[in-house]
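K.L.:
This is the structure I have questions about; it appears just below.
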Amino acid sequence: MDEKLKHDMSRFAKLTYEDFKRLAADDSLTPYQRIGFPDSYREGFEPAIVADMIAKVPPLQAQGGVMIDIGCGCSDLPRLLAAHGERLGQQLVFIDSAEMLDRVQAGPHVRKVPGKFPAMPALVEEFRGRATAVIAYSVLHYVFEGEDLFGFLDAACGLLAPGGHLLLGDLPNVSKRRRFFASETGVAFHKAFMKTEQPPVVEPYALEPARIDDGVVFGILMRYRAAGFDAYVLPQGPALPLRNRREDLLIVRP
Ligand SMILES: C[S@@+](CC[C@H](N)C(=O)[O-])C[C@H]1O[C@@H](n2cnc3c(N)ncnc32)[C@H](O)[C@@H]1O
């Protein structure tokens, strides 16, 4: 692994909402680094990520509707989603810190709401039961690490209109990661990526605090199915950079 990537991986290993504000305000960083990714994890991939999101969320393919992006960040994703939404006459709401939102160029069809979701009661009340699509892409693991996971998810589900879709994208699932690195494909990937002949170390029964695993993923599915929603785990498309260790959840209000 090259030194720049190693440095980025260690400084972006554990980030809070407050840390993201500092990254967003740092003029020395690239747009990908400001959202906590080494450049090589995102550069050139964002159109494919947006295409994957749109394919998974039918309301994003439709004319009109209300789309809320929680934790939109400031790289190309919000810009691409804003352009797509403008073409289809969608009303967009972008939620993130003021520092992140200040970096997002978007037209008048995009309303920017600064703050930490769901600690924004007026917004939650205004859009209760009205959103045709809600997206939290590469956000949930930061909520899981130090925030109220089910407070966040209950509030996000509460925004959905009948037929509305909530995409919880890009979840690093440590169980999926272990399965991958225990496989022949994963061992070959590790050796090539790390430039080593040593296989990866995989500890099948380790309890890893603050990391999403299969138990968390299936717990989320069960909680929202029991609350009357449909809920699914979906793989990431073949063009996505982290597809071998991340996956998406889709929650749909019938
Ligand atoms: C890894 S970045 C992902 C950005 C964007 N969704 C993307 O995939 O390009 C995580 C973002 O979520 C934001 N975030 C984390 N927790 C949040 C919360 N509770 N409410 C709003 N934004 C949050 C951070 O400020 C950061 O911009």
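Quick note: the coordinates plus some simple rules give every number you see, no bench work behind them. Everything numeric here is computed off the predicted structure, so don't read it as measured data. Every residue, glycine among them, receives a Cβ derived from its backbone with ideal geometry; neighbour counts consider all protein chains shown.
K.L.:
Convert each backbone phi in the range 125-132 into a coupling constant with the Karplus relation 6.51 cos²θ - 1.76 cosθ + 1.60 (shift: θ = phi - 60°), then list the ³J(HN,Hα) values in order as whole Hz, x for Gly and Pro.
P.N.:
Coupling constants for the range 125-132: 6, 4, 9, 4, x, 10, 7, 7 Hz.
K.L.:
P(r) for the range 49-185, please, calculated from all Cα pair distances in 5 Å bins and given in %.
P.N.:
Result returned by the calculation: 2, 10, 20, 23, 21, 13, 6, 4, 2, 0, 0.
K.L.:
Based on the Cα coordinates of the chain, what is the per residue volume of their convex hull in Å³? Present the calculation step by step, with values, prior to reporting the outcome.
P.N.:
Numbers: hull volume 31.1 nm³, N = 254.
Residue-normalised Cα hull volume stands at 122 Å³.
K.L.:
Computed on alpha carbon atoms, what radius of gyration and Dmax characterise the range 1-111, expressed in Å?
P.N.:
14.8, 46
K.L.:
Could I ask something else about it? Can you tell me the 0 to 90 degree angle between the C-alpha axis of helix 214-226 and the longest principal axis of the chain, rounded to 10?
P.N.:
20
K.L.:
How far is the Cα center of the range 202-254 from the Cα center of the range 133-155, in Å?
P.N.:
What the calculation gives is 12 Å, centre to centre.
K.L.:
Using 22 Å as the Cα-Cα cut-off, could you pick out the over-long pairs in Lys6/Lys191; Lys14/Lys112; Lys14/Lys191; Lys56/Lys176? List each step's numbers first, then the result.
P.N.:
Values: Lys6/Lys191 16 Å; Lys14/Lys112 26 Å; Lys14/Lys191 25 Å; Lys56/Lys176 20 Å.
The pairs that break the limit, which is 22 Å between Cα atoms, are Lys14/Lys112; Lys14/Lys191.
K.L.:
Quick one: Ser138, Ser175, Ser183, Ser28, fewest Cβ neighbours within 10 Å first, how do they rank? Provide the component values of the computation, followed by the final result.
P.N.:
On the way: Ser138 22, Ser175 18, Ser183 13, Ser28 6.
Listed from fewest to most nearby Cβ atoms, that is Ser28, Ser183, Ser175, Ser138.
K.L.:
Share of antiparallel DSSP beta bridges in the chain, in percent to the nearest 5?
P.N.:
On the way: 11 of 30 bridges.
Approximately 35 percent, going by the DSSP bridge assignments.
K.L.:
Right, here's the next one. Could you please rank Leu5, Leu168, placing first whichever residue has the fewest other Cβ atoms within 10 Å of its Cβ? Mind showing how you got there, number by number?
P.N.:
Details: Leu5 14, Leu168 28.
Ascending number of Cβ neighbours within 10 Å: Leu5, Leu168.
K.L.:
Using 0.36 nm times the number of residues separating Arg11 and Ala98, minus their current alpha carbon distance, what extension gain do you get? It would help to have the intermediate numbers written out before the result.
P.N.:
Numbers: separation 87, 0.36 × 87 = 31.32 nm, distance 2.21 nm.
Residue separation times 0.36 nm, minus the Cα-Cα distance, leaves 29.1 nm.
K.L.:
Still on this model: Relative contact order, percent, of the range 119-254 when contacts are C-alpha pairs under 8 Å separated by at least 6 residues? Could the numbers behind the result be given before it?
P.N.:
Working: 204 pairs, mean separation 39.8, N = 136.
The value is 29 percent.
K.L.:
Against the empirical 2.2 N^0.38 Å scaling, what ratio does the C-alpha Rg of the range 125-254 come to? Present the calculation step by step, with values, prior to reporting the outcome.
P.N.:
Working: Rg = 16.6 Å, N = 130, 2.2 N^0.38 = 14.0 Å.
In units of the 2.2 N^0.38 Å rule of thumb, it is 1.19.
K.L.:
I've got another one for you. Using a cut-off of 13 Å between beta-carbons, work out the net charge of the residues near His190 (Lys and Arg +1, Asp and Glu -1, His190 not included).
P.N.:
Numbers: positive: Arg177, Arg178, Lys191, Lys195, Arg245; negative: Glu184, Glu197.
Once all neighbours under 13 Å are counted, the net charge is +3.
K.L.:
Could you line up Cys74, Cys157 from fewest to most neighbouring Cβ atoms inside 10 Å? Let's see the in-between values first.
P.N.:
Details: Cys74 24, Cys157 21.
Least crowded to most crowded, the residues run Cys157, Cys74.
K.L.:
To continue, here is another question. Note the angle between two axes, namely the Cα long axis of helix 76-87 and the longest principal axis of the Cα atoms of the chain, as a number of degrees from 0 to 90, rounded to the nearest 10.
P.N.:
30
K.L.:
Sort largest first and round to whole Å: the equivalent ellipsoid semi-axes of the range 71-115, each the square root of five times a Cα gyration tensor eigenvalue. Can you show the working numbers first?
P.N.:
Details: eigenvalues 57, 22, 11 Å².
So the equivalent ellipsoid measures 17, 11, 7 Å along its semi-axes.
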